[in-house]
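The values are calculated or read from the model by the stated rules, or taken from the named source; none is laboratory data. In this text, all values refer to a predicted model and were calculated from it rather than measured experimentally. Here the Cβ positions follow ideal geometry from the backbone for every residue, glycine too, while neighbour counts run over all protein chains shown.
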Amino acid sequence: MRSHNQSKNSERRRKNSLVKRRLRRLFIENLESRELLASDISINSAADLTKYYDASTNSYLIGGDDTTSITIGDGIVIDTSSTTGQAGNIEIEAKRIAIGENVQILANGFVDTSTGDELDGLITLKADNVLGGFNFSQVGQIENLIRLFEDQSSYITIGASTVLDGGEISLETASGNEMVGDFLASQVHAVSKVFLELMKMPDLLAVPVSVQVWKPTASITIGEGASLSSSAGVSLQADAVANAFGKAVWNSISHTTGESPVGFAFGNFFNEATASA
């Protein structure tokens, strides 16, 4: 007949195995959902622009935070100018944006000659490839594994002789990973430590081997002869942030597992963030 301790150990191993299978499934589902959400937009003709135009506001909204890349071909004209009133806004957003040569992005509005006011529209190019992570070592490890299958870069490239002309012009790129819910994570950590100590269980929020590599890059490149003309100012911002964190712990409690409390733990964390404009 199996002893009471053997039964408890068997049940604990079964539960740990179930947790590992669930984590593995979550990892696979995360990759699958990212693949489904990812999209690439190519604009090579005036017809390609139609779906992104809002006639009610005379504006363009191309892409979004789930768009992987936007490519605008040579010679394309995106124009929301108005000779009688306010020009519409133009917003382009993806993880990576490439604008070809001799492209015109125009948002020029009516000029009031008595006051000098220019009713120009906003031109916004935003390339954001930042992963919001949760401050748990195992979650951070999974997030880093996901990133190994993804491009960690964000960039905006503007081809030679391209013109951006309007009101406020903003070019912004960001890449890397950031911690969200730090306070909640710290409280969960504190509660879990007390619970695991009372139950005489190992720290399930740590792994014996933890290795992370984060190498985000963010860049803005403007080609020769390109022009950014604004009636309200031009801003360029490139940010790359890398947070590699975690812990490696060997979990073995001899009086509850019956195993020798001898083992090892290894952790290696590497950050390299590059931003240029």
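Quick notes on this structure:
- Within the range 98-123, being among the polar types (S, T, N, Q) and surrounded by fewer than 18 Cβ atoms within 10 Å (Cβ to Cβ) holds for Asn102, Gln104, Thr113, Ser114, Thr115.
- In summary, strands (runs of 3 or more DSSP E) completely within the range 76-130 and bearing 3 or more residues that are closer than 14 Å to Ser230 by Cα occur at 104-106.
- When each of Lys95, Lys51 is tested for being under 29 Å from the mean Cα position of the chain (by Cα), modelled with pLDDT under 95 and surrounded by 19 or more Cβ atoms within 10 Å (Cβ to Cβ), the lone residue that passes is Lys95.
- Some residue of the range 61-75 being modelled with pLDDT under 95, of a type outside the set (Gly, Ala, Ser), surrounded by fewer than 17 Cβ atoms within 10 Å (Cβ to Cβ) and within 29 Å of Ala218 (Cβ to Cβ): yes
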